[in-house]
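Have a look at the structure below before the remarks.
The values are calculated or read from the model by the stated rules, or taken from the named source; none is laboratory data. A quick note: this is a predicted structure, and the numbers were derived from the prediction, not measured. Positions of Cβ are backbone-derived with ideal geometry, glycine not excepted, and every protein chain shown enters the neighbour counts.
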Amino acid sequence: MDASSNERPIIIKKVKKVSGGGHHGGAWKVAYADFVTAMMAFFMLMWLLNATTEKQRKGIADYFTPTISVARVSGGGDGAFGGDSVFSENTLIRNGQGATLPAPAPQDKASGVDDVDKDPQEEEDFVAVDQALMGRGGESLIADNELKHITSEITDEGLVIELHDVHEVPLFEGDTDVPTPMLKSLVRLVYRAAHGMENPIAFEAHVAAEPVVVAKSEIWDKSAKRAQALRQLFEDVGVVDHRISRVTGHADREPVVTDTMSRRNNRVEVIFLRSR
């Protein structure tokens, strides 16, 4: 045997390194955690929508509404105003009914200040009527089945009392402008709650969109007739003619829910306007 065969053999071990993590990496855990968090937030939102009333949801939305002035500046403007808008509609937050409409009336446009000059006594009257109707200050003047038809809000325009359809209890007979007993009862309750006020009043009506496209739409006429019917009901219970400021039909142009054909969009509004 050769002497060289007694030497210790040299063994070279090659280790193959795998980079990128594979199934042992942690990047997927971060993505999964984000997904679980998003799903939890989604289910929380669904639960809140189901567990709260419309008024509570509106309160939550109002809580997150900014209340300070903001300026909308265009970065591409190089004119005399440096891209800033000179219109208060574009530079002020639009509150309540004051200037949220696509084409607001002159008296409803933003005046260039955050708040209108409010009469303290008038504000107290609005709050008193609102509390009497909705029971926010204790007992409500109306029964629970009637309370479901009423939503009220104090805005820059005044006290807005909205009367709307609920499930199988409409305010008008079918597609007509004939008031139901429920609407007549609600009118009497609103008039009794606001009996001591002398503010001018506006009457407005809205209807749900039609499910099909028709050759001649009747929704404008229907909303106008319903607004007139509401005015007549208030005159019948004692509102004098000189207090009526306007009577308006809005057709289906201002839905309150995403589904424009929802019965919830069938509503009328009684607005006790501010005296100045």
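The residue pairs whose first member lies in the range 27-54 and is within 30 Å of residue 165 (Cβ to Cβ), whose second member is in a helix (DSSP H, G or I) and not hydrophobic (A, V, I, L, M, F, W, C), and whose beta carbons are closer than 8 Å, counting only pairs six or more residues apart or on different chains, are 48/57; 49/57.
When residue 137 is tested against (1) assigned to a helix (DSSP H, G or I); (2) modelled with pLDDT under 90, exactly one condition is not met: (1).
Counting only residues that are assigned to a helix (DSSP H, G or I) and free of Cβ contacts under 8 Å to residues at least 24 places away in the same chain, the range 237-276 holds 2 of them.
Residue 177 meets each of the listed conditions (1) of a type outside the set (A, V, I, L, M, F, W, C); (2) surrounded by 15 or more Cβ atoms within 10 Å (Cβ to Cβ); (3) closer than 19 Å to residue 160 by Cα apart from (3). With respect to being buried (at least 20 other Cβ atoms within 10 Å of the Cβ), under 20 Å from residue 58 (Cβ atoms) and of a type in the set (A, V, I, L, M), residue 160 fits the description. In the range 1-46, the residue that is farthest from residue 57 (Cα to Cα) out of those that are of a type in the set (Gly, Ala, Ser) and modelled with pLDDT under 70 is 3.
Going residue by residue through the range 177-186, is there one that turns out to be of a type in the set (Gly, Ala, Ser) and under 24 Å from the mean Cα position of the chain (by Cα)? Scanning the range 177-186, I find no residue that is of a type in the set (Gly, Ala, Ser) and under 24 Å from the mean Cα position of the chain (by Cα), so the answer is no.
Okay, residues lined up against (1) of a type in the set (Gly, Ala, Ser); (2) touching a His at 6+ places or on another chain (Cβ under 9 Å); (3) within 21 Å of residue 256 (Cβ to Cβ); (4) part of a strand (DSSP E or B):
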| position | (1), (2), (3), (4) |
| --- | --- |
| 145 | no, no, yes, no |
| 151 | no, yes, yes, yes |
| 159 | no, no, yes, yes |
| 163 | no, yes, yes, yes |
| 175 | no, no, yes, no |
| 186 | no, yes, yes, no |
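Taking the range 219-235 as the range and being over 26 Å from the mean Cα position of the chain (by Cα) and in contact (Cβ under 8 Å) with a residue 40 or more places away in the chain as the test, the residues that pass are 233, 234.
In the range 47-56, what count of residues is obtained for those that are surrounded by 10 or more Cβ atoms within 10 Å (Cβ to Cβ) and not in a loop (DSSP other than H, G, I, E, B)? The total comes to 5.
Note on the range 219-264: among residues that are among the small types (Gly, Ala, Ser) and under 17 Å from residue 179 (Cβ atoms), the one that is surrounded by the fewest Cβ atoms within 10 Å (Cβ to Cβ) is 238.
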